1. I need the full set of residues from the stretch 139-154 which are more than 21 Å from Pro217 (Cβ to Cβ) and open to solvent by 20 Å² or more (accessible area, probe 1.4 Å), in order please.
2. Quick test of your reading of the structure: Ile139 fulfils all but one of (1) part of a loop (DSSP other than H, G, I, E, B); (2) out of contact with any strand residue (DSSP E or B) (no Cβ under 7 Å at 6 or more places or on another chain); (3) more than 19 Å from Ser18 (Cβ to Cβ). Name the failing condition by number.
3. Quick one: in the stretch 180-201, which of the residues that are part of a loop (DSSP other than H, G, I, E, B) and within 17 Å of Arg145 (Cβ to Cβ) is least open to solvent (accessible area, probe 1.4 Å)?
4. Conditions first: (1) at positive phi; (2) open to solvent by 10 Å² or more (accessible area, probe 1.4 Å); (3) modelled with pLDDT of 90 or more. Pro24 passes all but one, so which condition is the exception?
5. Under 9 Å by Cβ, and 6 or more places apart or on different chains, what pairs join a residue from the stretch 1-25 that is over 16 Å from Ile178 (Cβ atoms) with one that is in a loop (DSSP other than H, G, I, E, B) and among the β-branched types (Val, Ile, Thr)?
6. Say we look at the stretch 38-60 and pick out the residues that are surrounded by fewer than 17 Cβ atoms within 10 Å (Cβ to Cβ) and either among the charged types (D, E, K, R) or within 20 Å of the chain's Cα centre (by Cα) (or both); which of these is modelled with the lowest pLDDT?
7. Among the listed residues Ser157, Ser172, identify the single one that is over 24 Å from Phe81 (Cβ atoms), open to solvent by less than 40 Å² (accessible area, probe 1.4 Å) and at pLDDT below 95.
8. Enumerate the pairs (first residue in the stretch 96-112 and touching a residue at least 40 places away in the same chain (Cβ under 8 Å); second residue anywhere and among the charged types (D, E, K, R) and surrounded by 18 or more Cβ atoms within 10 Å (Cβ to Cβ)) with beta-carbon separation below 6 Å, excluding pairs fewer than 6 apart on the same chain, so at least 6 apart or on different chains.
Amino acid sequence: MNNCSLSLAGAKLVALGSGALWWPAERLLCVSDLHLGKSERIARRGGTILPPYETRDTLLRLADDLDRMKPATVICLGDSFDDLDAARALAAEDQAALTRMQAGRRWIWIEGNHDSGPVDLGGTHLAELALGPLIFRHIAQTGARGEISGHYHPKASLTTRARRITRAAFLSDRDRIIMPAYGTYTGGLHSHDATLTTLMRPDALAILTGPRAYAVPMPR
């Protein structure tokens, strides 16, 4: 199956190969770092012109996860847009897609360092959310327990007989989960970076996303 079961603070969770996190008991789907509008923001600031298709691709993948999991609650865990101007520049078709996805469910935007919350796009806007034994916030805090965060866009590498694979990855230990970036154009920070090795316990796992969610000891 294209998922990997894990536990945090007694909550039974599922890391999906898409990069989303599923909490079955709460019918909750969490995604992080969509960075919608990244190509628009880069072009606006005079950077390299990228094909402007990443927002549509990210939203289509999210819609697919919503159709499959049918969550009652969706948490977007910060940096949902590359900046607030990118949110304002969202195409009408993409705004309509978001409206359809929000219909009939609780939708929560967590504040990120790139965006303070797309306040014109519906949903609830929070700095962080405590729910049962878990707390959802954008950036991990040292000493936290039961924490689900994003921000760092972790990725990990695995060497097979045929080749070396590098993919976006969940990082998980008994204290926290750091989510992979869900956005199509987002880069990543290798799991062996000192920032991540300091945050994660020595026995942490990396769960690689992709066609098969694959758990390995976190590469350091």
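The values are calculated or read from the model by the stated rules, or taken from the named source; none is laboratory data. Treat the numbers as computed from the prediction; the structure is a model and nothing was measured. A quick note on method: Cβ atoms are made from the backbone with ideal geometry, for glycine too, and the neighbour counts reach across all protein chains shown. Remember, those area values only see protein heavy atoms, side chains included, never the ligands or the DNA or RNA. Shrake-Rupley method; radii C 1.70, N 1.55, O 1.52, S 1.80 Å.
1. Residues satisfying the conditions are Ile139, Gln141, Thr142, Gly143, Arg145, His151.
2. (2)
3. The extreme case among them is Met200.
4. With (1) at positive phi; (2) open to solvent by 10 Å² or more (accessible area, probe 1.4 Å); (3) modelled with pLDDT of 90 or more applied to Pro24, the lone miss is (1).
5. Gly17/Thr209; Ser18/Thr209
6. Per the stated criteria, the residue is Arg44.
7. Selected residue: Ser157, the only one of Ser157, Ser172 that is over 24 Å from Phe81 (Cβ atoms), open to solvent by less than 40 Å² (accessible area, probe 1.4 Å) and at pLDDT below 95.
8. Partner pairs satisfying both residue conditions: Gly112/Asp79.
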